[in-house]
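Single-structure report; data block below.
The values are calculated or read from the model by the stated rules, or taken from the named source; none is laboratory data. Every value quoted in this text rests on a predicted model; they were computed, and no experiment measured them. Ideal geometry is used to build each Cβ from the backbone, glycine not excepted, and the neighbour counts take in all protein chains shown.
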């Protein structure tokens, strides 16, 4: 038990690593809630949580989703360049850490499986939450199923090609 | 003021939404050295609720509470946008998509999601089994196996010029195309459309 714990605390916990050293209390966490709220509003107002928009995208019948994803990446890229070149620090004064992603076969197999699910649910993980908030409460079932899928991966990941 | 409200309730074009979404990347880094990614929230829920002695779920999930706050915010944002800023007109869907979907049996366009699929009545039917249970499972299993979703790989990863994220993004799209063009016609028939 102890061994398991020790081994995995050192492992990178997720794809969204939190590199901050300073501890955060509840009020400090509130800013992520507010950022999430703004993000959710954009999701709904740009209709990217719509099942129909995802269908349009995969049928190559509308530029909308490609425009959203493409301009988001471009904005992110420019921002990261500015952060790197101007050595911008975090609000706590820490040096901003960007971890490199390692290639694994999972990006191929897992990516493909996610794509299959993306086309039928009409949602990636972020939009799932916005769909629920928008009143499509049955999407809670999709979310629970996604949690189950994550759990099953965690349980049997050591047996999967990676 | 009226003009502003009129503008807000309209659907937002891609060149407004995309940059706003992209700005989340520097915002999270500057707020607290956090890399953008949403599918990790699913992992944190597993770690917090059912770790079941699985090494993959034994880490300090409390340090990642920010991610759960962020997704809670997304749900609240979804509620605010729908309850107070909703588009009064019905959604405009590409003519060609409407025709394709009609051929598959989707004929109602009354919201952001088709009510013919996404309703509680369908939960215990073949439609529910495929679109919620199986679909959700593939989203959760696939993103974790791939180490991220559209936010972690396509936006954060590509912004940071990570080639493994490019591989993941290509396969996200490939999976979507295969489902839409090759499997969907059979699935729709099977679930009774």
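Number of residues in region B:120-168 that are closer than 14 Å to residue A:100 by Cβ and either in contact (Cβ under 8 Å) with a residue 24 or more places away in the chain or outside any helix (DSSP H, G or I) (or both): the value is 8.
Any residue at all in region A:119-129 that is out of contact with any strand residue (DSSP E or B) (no Cβ under 7 Å at 6 or more places or on another chain), farther than 23 Å from residue A:53 by Cα, surrounded by 24 or more Cβ atoms within 10 Å (Cβ to Cβ) and modelled with pLDDT of 95 or more? Checking region A:119-129: not a single residue is out of contact with any strand residue (DSSP E or B) (no Cβ under 7 Å at 6 or more places or on another chain), farther than 23 Å from residue A:53 by Cα, surrounded by 24 or more Cβ atoms within 10 Å (Cβ to Cβ) and modelled with pLDDT of 95 or more.
Residues are listed down the side, and each one gets a yes or a no for (1) more than 7 Å from every other protein chain (Cβ to nearest Cβ); (2) more than 20 Å from residue A:49 (Cβ to Cβ); (3) surrounded by fewer than 21 Cβ atoms within 10 Å (Cβ to Cβ):
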position	(1), (2), (3)
B:64	no, yes, no
B:107	yes, yes, yes
B:144	no, yes, no
B:147	no, yes, no
B:151	no, no, no
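Residues of region A:133-144 being buried (at least 24 other Cβ atoms within 10 Å of the Cβ) and part of a helix (DSSP H, G or I), which ones? Listed by number, the residues that qualify are A:133, A:139, A:142, A:143.
Of all the criteria given as (1) closer than 30 Å to residue B:128 by Cα; (2) surrounded by fewer than 21 Cβ atoms within 10 Å (Cβ to Cβ); (3) at the interface with chain B (Cβ under 7 Å from one of its Cβ atoms); (4) without any contact (Cβ under 8 Å) to a residue 40 or more places away in the chain, the one not satisfied by residue A:60 is (3).
Taking (1) without any contact (Cβ under 8 Å) to a residue 12 or more places away in the chain; (2) farther than 22 Å from residue B:150 by Cβ in turn, residue B:61 satisfies each apart from (1).
Please work out if residue B:117 is part of a helix (DSSP H, G or I), within 30 Å of residue A:72 (Cα to Cα), more than 7 Å from every other protein chain (Cβ to nearest Cβ) and at pLDDT 95 or above.
Judged against the criteria, residue B:117 is not a match.
Within region A:35-51, residues that are at positive phi sit with their Cβ atoms under 6 Å from residues that are not in a helix (DSSP H, G or I), at 6+ positions apart or across chains, in these pairs: A:47/B:11. Each residue in region B:11-28 was checked for being within 7 Å of another protein chain (Cβ to nearest Cβ) and not in a helix (DSSP H, G or I), and 3 of them qualify. State which residue is surrounded by the fewest Cβ atoms within 10 Å (Cβ to Cβ) when the search covers only region A:75-118 and only residues that are in a helix (DSSP H, G or I) and more than 7 Å from every other protein chain (Cβ to nearest Cβ). Among them, the one singled out is A:85.
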